[in-house]
Every structure is written in C-alpha cells, then in structure tokens.
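Single-structure report; data block below.
Throughout, read-outs are computed from the coordinates displayed, never taken from laboratory work. Small disclaimer: the values here were computed from a predicted structure and weren't measured. Neighbour counts are summed over all protein chains in view; Cβ atoms, including those assigned to glycine, are modelled from backbone coordinates with ideal geometry.
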Amino acid sequence: MYGWIFRHLPGPLWLRIIIALALILLVVWCLMEYVFPAVEQYSPFYRDVTIPTE
Amino acid sequence: MAAKQHTGTPPSSRSAGQWIIQILGELLITVGFILLLFVAWQLWWTNISANKAQDQAVDSLIQEFNAAAGGSGTQAAAGDSGDGASSVPSLKPGDWDPTDPATSAAPAYGETFGVVYIPRFGENYMRPTAEGTGTDVLDTLGLGHYEGTAMPGEVGNFALAGHRQTNGAVLDRVEELQEGDHIYVQTKDGYYTYTIYETKIVLPSEVDVIAPNPDDPTGEASQRLLTLTTCHPRYGDTERYIVHAKMENWQPLEAGAPAEIANSVAS
C-alpha cells in the first residue's frame, strides 16, 4: 500500500521522499491536533481527578 | 515482501490474496505506530502544551493584579536585583486585618481568576486557577475550582482539582506535601496564605471532603479552608488524594507578596 503510494508520487526520487515526509507530518499533525484530544478521555492514562458533585 | 524489489517485478504479478495480506499487514503496523504516538502525545506533549497555556495565563493574571494594585506590585525600580520583593508596598502591616479578607464572587465558567503558589513544589511553581472542573478547564488551565464552593478567603471550602499526570500534571508531586506547608493563592483581592493541616486518601464517593465544613459535613461552615483533590494512585484513579488547608493570613496586593513567595512573584 505504502509502496504503491510512493510509486505514484510525482517527480524524481528526492522530490518523492520530501513529499512522503510531508504527508507523514501532515497525518501526525492531524492526529495530535484533532484525533488524540477527542479520544483522550478513553485512554488508560487519563484519570479523573475530581470528586463528583451534584 | 523480501523478494519484492530486486527484479522490478510489476505489482500485477501478485495474486489478490497477497495484496490483501500485504495491505492488512501495513495497516496493522500503522495502527501500532499510531498507538505509540498517542502514548507519547499524552504523557509528554500534553504537558508541554498545557504548561505553555498555563504560563501565559499566569503572566496575564499577574499583570492584571499588578495593574489593579495601582502598580505597587510591579518592579518599582531598575536597580532591584538581589531583592526579590522589589516592589514598594504602599500598605504597612496593621493597615489591614489579616483575618478578615476581601473576597470576590466566582467568575464565569472557564475564566481564570487566581494564581496558586506552592513553595514545596519549588520556587517556580505558579499555576493558574480557573472556574469549573470540566475536562476543558482542567486539561488546559491547570487547577479547576469546584463550582459552588467558597472562593479564596471565604468562610467555607475553596476546593480545587488538578491533574496528576498529563495535561500539565499540576499536582504531580502532591504526595510531597506535609502538614504545615503553605499554599498561597493570589487573586485581585490579595494574597491568601493557607496552611496544610491534613492530607489523606479517600474513595471518589466521599464527597464530604469538599463540603463547606469537611470535618463536620452536616455542621455549619466555620473556617476558611482550601482543599486540593487529585487522582490516586499515580496513573490510576480508583482513589482521590486530598489536601486540606486552613487560611492563616491575608494581605492586600498593595502590601506586597508574602516573604516565602516574594521571589516567585517577582520573577
């Protein structure tokens, strides 16, 4: 799958490497900015610190 | 996959089954990386971003307080090095009643209103306090004030919650606190000094710890208290770590910072 994507990127090898790295960074940024905050509350490291109040 | 690239074999020479297995494998490896990334993000990155947000909140609060104190809380002169309490207090002891503090009504949800100093956690420990204990407040702004509990200096229980891990980990070192340690709260109404008289571990269901009078939940509030709550054990939340403190002193902003935190305030 990743091989297929890499082969279909345009340009010479060095350009394709740069594009691939940029795509990876874009995905990581989206995960950290949007996906992780949304799913954080289900994580085993996220702990409730409050005393429940009415 | 090992035989993949040598001969430049066109991908179409593989069977559909091989393709499916390869894609499935790559997806599973990707999921593994994303999970690792998530753990790194939560245990490390959330602290960096929350600390940054909290530092900014503290800076703007202190500027606000200094302005409210008529500039008397600011660095008065350029040649103030070596003297942390460089501000020139415009009030002298005796000008106010340290047992009768000024107080304010609680602000709107999510609004920062105070700075908490805990010398036991180091001179640089300054954390903002915001109204509310929703995850949106606690995840970015540090200490959250339980809505409906007393405000700093009021008779009753000024109750705060904070993360022990992740998102700034404001109460990471809570177990180091001892009886007699001071917790300082600075608001636009002055500096409140609280002295810890009890630390304990309770079940989350023991809601009386943030009652107006935790020692006698059915009785009337009679003292000016502060309570910190955080999770326990570390990385767990089957219990809560509770710190109770009692107000010992109050002084207006114009009187300058209490000696123990003067360096923190000035920095």
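Quick look at the values:
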{"item": "Förster-model FRET efficiency, 56 Å R0, A:Trp29 and B:Glu198, C-beta, rounded to 0.05", "result": "0.80"}
{"item": "Net charge of neighbours whose Cβ lies under 11 Å from the Cβ of B:Gln178, counting Lys and Arg as +1 and Asp and Glu as -1", "result": "-4"}
{"item": "Pairwise label distance in nanometres, A:Ile17 with B:Trp45, each label 7 Å out on the Cα-Cβ vector", "result": "2.5"}
{"item": "By average C-beta atoms within 10 angstrom, highest first, the peptides B:47-60, A:34-47", "result": "B:47-60, A:34-47"}
{"item": "For A:35-48, mean number of other protein chain Cβ atoms within 10 Å", "result": "6"}
{"item": "Inverse mean reciprocal Cα-Cα distance (Kirkwood Rh) of the stretch B:44-266, Å", "result": "17.6"}
{"item": "For the stretch B:100-153: rounded, prolate or oblate by the Cα gyration tensor [a/c cutoff 1.5]", "result": "oblate"}
{"item": "Cβ-placed point charges (K, R +1; D, E -1), dipole of chain B about Cα centre in debye, nearest 20", "result": "1440"}
{"item": "Inter-chain shielding of B:115-122 (mean C-beta neighbours from other protein chains, 10 Å cut-off)", "result": "0"}
{"item": "Rounded to the nearest 20 debye, dipole of the protein assembly as shown from Cβ charges on Lys, Arg, Asp, Glu", "result": "2220"}
{"item": "Positive-pole candidate from B:Ile210, A:Tyr34, A:Ile17, dipole of the protein assembly as shown, charges at beta carbon", "result": "A:Ile17"}
{"item": "Relative contact order of chain B, pairs being alpha-carbon contacts under 8 Å that are 6 or more residues apart, as %", "result": "20"}
{"item": "In the stretch B:129-158, GluC sites (Glu not before Pro) in a DSSP loop with at most 14 other beta-carbon atoms within 10 Å", "result": "B:Glu147"}
{"item": "Chain B: most fluctuating residue of B:Ala169, B:Ala68, B:Ala130 per GNM, C-alpha cutoff 10 Å", "result": "B:Ala68"}
{"item": "The stretch B:171-222: relative contact order in percent, alpha carbon pairs under 8 Å with at least 6 residues between", "result": "23"}
{"item": "Among B:Gly144, B:Trp45, B:Tyr235 - extreme Cα towards positive end, dipole of the protein assembly as shown, charges at beta-carbon", "result": "B:Trp45"}
{"item": "The stretch B:88-117 versus the stretch A:12-54: alpha-carbon centroid distance in Å", "result": "40"}
{"item": "Distance in nm between pseudo-label sites at A:Trp4 and B:Glu123 (7 Å out along the Cβ direction from Cα)", "result": "6.2"}
{"item": "Cα convex hull of the protein assembly as shown - mean projected area over all directions, nm²", "result": "23.5"}
{"item": "Radius of gyration and maximum dimension Dmax of chain A, Cα, Å", "result": "19.0, 63"}
{"item": "Distance between modelled label sites at B:Asp59 and B:Ala221, nm, 7 Å Cα→Cβ extension", "result": "3.5"}
{"item": "Folded to 0 to 90 degrees: helix B:16-40 orientation relative to chain B principal axis, Cα", "result": "20"}
{"item": "Highest-MSF residue in chain B out of B:Thr46, B:Thr112, B:Thr99 [GNM, Cα springs under 10 Å]", "result": "B:Thr99"}
{"item": "Percent antiparallel among DSSP beta bridges (both partners in chain B, rounded to 5)", "result": "80"}
{"item": "Full-stretch length increase - B:Leu36, B:Ala68 - with 0.36 nm per residue and alpha-carbon distance subtracted", "result": "6.8 nm"}
{"item": "Selected from B:Gly17, B:Gly168, B:Gly180 as most flexible by GNM, with chain B as the system and alpha-carbon contacts under 10 Å", "result": "B:Gly17"}
